[in-house]
Each structure stands twice: as structure tokens, then as C-alpha cells.
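Written out below as C-alpha cells is the structure these notes cover.
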Amino acid sequence: MKRYCLFFITILLSSAVSAQGVFDAMRYAETPINGTARYMGMAGAFGALGGEAGAISDNPAGLGIYRNSEFAVTAKALIPVTQGSWQTTRQQDDFNFCLNNASFVLSFLNSEKEKGVLASNFGFGYNRLKHFTRSFSLQGASSLNSMTDYMAGFTNGLSEDDLKLTEEYEPFDNENVPWLSILAYESQLILPGGGNTWHSLLKAGEKSQPFYQAQESGYIDEFAFSYAANVSDKVYLGASFTMQTLDYSLISSYKEIFQEGGSFILTNRFSTSGFGWNFKFGAIVRPTDFMRVGASIHTPTYFTLRDGFKGKSVYDTTIKGSVETPNGQSNYRFTAPLKFQASMAFIIAKSGIISLDYMLADNRGTTRLKHVSSDLFLDTEPFALDNEDIKNFARIAHTVKLGGEYRINKAFSVRAGMALVTPSMSDRAEKFVPLNTIRTDMEYMMDRGSIYGAAGFGYRSTFGFGVDVAYAYRQKIDLFKPYNSTIEPATVKTHYNNILLSLSYKF
């Protein structure tokens, strides 16, 4: 179908009708445990320990533990294995290799003092906070539920003239018409019922069988500038300014095969990119030689983001064909949650470590979406419903990390850890989409939490060189729906296999 040049309309529409509430917000708010091989080998339980490049991202006071300058780098092989269970269970594997962490620490000791500020340390660090790498496919059972009914409901209240392309009228230009309705109309998936009402092309009692495929990619990276002080070898205080870059891409395909013949495939391409910043403050106290306690607070992360999206329908109804939307864009602000961490660690006979961390992420209270021109701290009308969605369905996420390390001798150490992350949203969460949305991706995932298990070992030479290796396993569970309906959700279980190698040099 011939289309006019439509790029200008995205500027008019996108700020008001493109966001999708708690599901888009939690995708970027939740960041898994990630860092160096030593850090990951103890499941990230380093908040009260410090002296480790990966731990500075959690508690910048850990930088104050250093007594030497250090350069460290970590490479990671990530192997996600995703099992999607709907009517059947299907499994897909992926692979990603990346630089996971790099840090440079400068330690300035004051050897002439016994009390007061004994060391001032500066650090620069790069961290891969999150991978979005994942692909999966689902096959559902034949059902009376059909997205064509959902499309018809979206279109009720619109006339056929609102949806029909003419020489004088382009429906994609009309800011009151959802692009999903235009695709459904032109694909002949919905039919007029009189009085501006619409119904599915399926006959009464006719079933359809759904299929879904998705491929995710992208990352969240962090660049941190940190300072920490060692006060009398008893108190360590630190602060970081961090900048984050976000890049996410999703290519999805939803298909239905109709019982009495015919089908359609709705394909969507969605991407998000942007930049954010925050501050982190922390403290570690050593009340005795065998015990350390720590605490840190991470301010909300303030992102400026841009979404891009495009939908396409390939249909086989009374005729065969395809139709696609223009390229849509949306620019907005996103505030990721405030986080607080408390930690405790015990040093046993100078050879063993047991460490426990607890982190709280205030997804419900501080996560917000905002228009780019609005005040940073105030909700504005375009995102009022999205933010209400976040308040209703987002949950405070709790992370508990337990790790241990045993030094076999001066050169070799072994370590292990486990962690649990509670869900970031309610299992009652539903996707409510504005009736004039220009997005056509109606699917959503409900986070049901994660569990971790890790093990590793390390070697330290007398010349300052260090090598650490770790294997870290993460299992994440999501519930999936292709659109908001009574259809039984699918279970998507992803097994993240992380293999890490860290090299370091102290000088």
C-alpha cells in the first residue's frame, strides 16, 4: 500500500501515547548481579568487604580498603538458555562474549599518620550492569481467545472512514486512531458491526492457535568515578558519580492460525537507547578485627531515553498481503529506583570470609516516566496513567546475597555464593494501553524473580598479579501474555550461564 511521508507525526504523537507502564519501566529498572570473577564467585556479597573492583559499584566505601593501586579487567562469556512453556516446551540457546568490568584504582597512603585519614583512593570503573541477550519461541493451545477480538475492542468507537486510506486522508496521521486498529482493518482481521462497532473476522465458536517468537539484545553499561577515604583503619567512607548508557532491542512475531483457514503474523521491532546518571554513597565500619558492617545508598538514576518502533502485519484472510506502520519515535525521561544496601561480613582466622548483603530497590515509590520537557520531579499528564500503573503493580524488590571465601594458602583461594531476588511486580499486573497508542506490540512479561548460585577460585602472585575464575548461574522466571486477555500465561524460564575471567595487577 502506498504511504505518504509520515516521520513528522511521531513528534506530535509519541510523548502522549507510546509508553506502556510498569512493563517498560521494570525492564530497565531491574539490574542483575554482575561484576568481576571474584565478586560474582561470591554472588556479589561484598558490600561490607571492599578491596575488590566489582564491589565498588555496590558500595563505593569499599574503595577505601585498598592499600595498593590496581588495574583490573574482566571478560565474560554469557550463555542464556531459555525454555518457553505454553502448550509445549521449547528451548533456545544464545551466546554473548563481552568486557564485563574494567577498573583503575589509585591509592595514596599517608604513612606518617596513625589516626585520621590514612588513605585517599580514587577509582574509575566500567561495569556491564545488564545483558538483554535472550531469544525464545512459544506455541499455545487452540483457544477461543484471539487477538482479533482484542483489536476489535481497540477499534470500537471509530468509523470506517477513520481507518480507510484515501487520496486526501492518511489514517496514520490521525492522532486519535491507534495504529493497531489500522493494521487490523487493512489486514481484514476486524469487520464493522454498525454504529462504529467492530468484531473479529472469526466466526462464533471458531478457535485460533497462537505462536510467538522473540529475540532480545542490548545492555546497560555504567561508568563510575569514585573517591573513598580510610579513617584510622576503622571507618571507610566513599562516594561515586556514575553515568549509564542503555541500549535495548526486541524483534517479536505473534502469529495466529485460524481453525477454518487463514492466519496473520504481527511483527514488531522495538528499541530503546539513552543516557542516565546517579550518585552512590557508602560507609564501611570495622568495629573489631573479625567483623565489618557496611551500608550504601544509590540515588535514583535519571535517564533520558528514546524509543523506536515499527509494526507490520502479514495476513492471509479473504486475500493475502501485508501492511506496515511508519517508523514511530518517543522521547521521554525515566527515573530508575532508589536503592539501599546493608551488609555484614566476618573474617575467620584470617583465612575465611562469610559475607551477607541485603539490598532494597524502591520500584514502587521512585520509578517514574516523564515527558522530556517536564520538571524532573513532577508527573505530567502524558504519563499519568503509566505512573499510576507503576504505583499499582510495581513492588519493592528485595535482594539477599550470601557468599564465602577460603584462602587455602597465600596464593590460592576458593569461593562460593548464592542469592535470591524477589519479583519486581505483582502477579496481578496487566498491560493497559492508551486507546490512541501508536505502538502495536501488545505482549508483556511479568517478572517472577531470580535465584543465583556461583563458585570460583583465585590466584595471587607475590609480584602483584592476580587471576580469578568464576562460574555464576542465574535463573529468571517470567510469565508471558501476548496481549491483555483471559488467556493462560506462558512460563518463560531463562538460565543464564556466566563464565568469567579476571586479570589484575597491584602496584
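The values are calculated or read from the model by the stated rules, or taken from the named source; none is laboratory data. Predicted, not measured: the structure shown is a model, and the values here were computed from it. So basically every Cβ, Gly included, is an ideal-geometry build from the backbone, and we count neighbours across all protein chains shown.
Some observations on this one:
- Criterion (buried (at least 22 other Cβ atoms within 10 Å of the Cβ) and more than 23 Å from the chain's Cα centre (by Cα)) met by exactly one of 109, 63, 118, 144: 63
Listed here are the residues, each with its yes/no results for (1) without any contact (Cβ under 8 Å) to a residue 24 or more places away in the chain; (2) assigned to a loop (DSSP other than H, G, I, E, B).
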position: 43; (1), (2): no, yes
position: 49; (1), (2): no, yes
position: 55; (1), (2): yes, no
position: 63; (1), (2): no, no
position: 67; (1), (2): no, yes
position: 71; (1), (2): no, no
position: 79; (1), (2): no, no
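- Scanning segment 43-97 for residues that are among the aliphatic types (A, V, I, L, M) and either closer than 15 Å to residue 295 by Cα or touching a helix residue (DSSP H, G or I) at 6+ places or on another chain (Cβ under 6 Å) (or both) yields a count of 9.
- Some residue of segment 151-162 being under 35 Å from the mean Cα position of the chain (by Cα) and of a type in the set (Asp, Glu): no
- Any strands (runs of 3 or more DSSP E) falling wholly within segment 226-324 and containing at least 1 residues that are at pLDDT below 95 and under 23 Å from the mean Cα position of the chain (by Cα): 301-316
- Residue match in segment 170-191 (condition: of a type outside the set (S, T, N, Q), part of a strand (DSSP E or B) and farther than 20 Å from residue 444 by Cβ): yes
- Matching residues in segment 104-122 - criterion: being polar (S, T, N, Q) and part of a loop (DSSP other than H, G, I, E, B): 110, 111
- Just one of the numbered conditions (1) buried (at least 17 other Cβ atoms within 10 Å of the Cβ); (2) part of a strand (DSSP E or B) is not true of residue 505: (1).
- Residue count for segment 481-507, restricted to those that are farther than 22 Å from residue 36 by Cβ and of a type in the set (S, T, N, Q): 5
- Cross-chain or 6+ apart pairs with Cβ under 6 Å, segment 331-347 first and under 18 Å from residue 402 (Cβ atoms), then among the polar types (S, T, N, Q): 341/296; 345/355
- Filter result (touching a residue at least 60 places away in the same chain (Cβ under 8 Å) and loosely packed, with under 15 Cβ neighbours inside 10 Å) within segment 445-487: 453, 464, 486
- For segment 315-342, the set of residues classified as out of contact with any Ser or Thr (no Cβ under 7 Å at 6 or more places or on another chain) and of a type in the set (Gly, Ala, Ser) consists of 321, 342, listed by residue number.
- When segment 29-41 is filtered for residues that are in a loop (DSSP other than H, G, I, E, B) and either crowded, with 24+ Cβ neighbours inside 10 Å or polar (S, T, N, Q) (or both), the ones remaining, listed by number, are 31, 33, 34, 35, 36.
- Selection count where residues are crowded, with 17+ Cβ neighbours inside 10 Å, closer than 30 Å to residue 264 by Cβ and either of a type in the set (Lys, Arg) or in contact with a helix residue (DSSP H, G or I) (Cβ under 8 Å, 6 or more places away or on another chain) (or both), scope segment 275-311: 3
- Residues of segment 84-102 that turn out to be part of a strand (DSSP E or B), of a type in the set (S, T, N, Q) and surrounded by fewer than 13 Cβ atoms within 10 Å (Cβ to Cβ), as a count: 0
- Residues of segment 407-444 that are of a type outside the set (Gly, Ala, Ser), buried (at least 20 other Cβ atoms within 10 Å of the Cβ) and under 27 Å from residue 44 (Cβ atoms): 415, 421, 423, 425.
- If the condition is being farther than 17 Å from residue 27 by Cα and assigned to a loop (DSSP other than H, G, I, E, B), then segment 391-427 contributes 408, 409, 410, 411.
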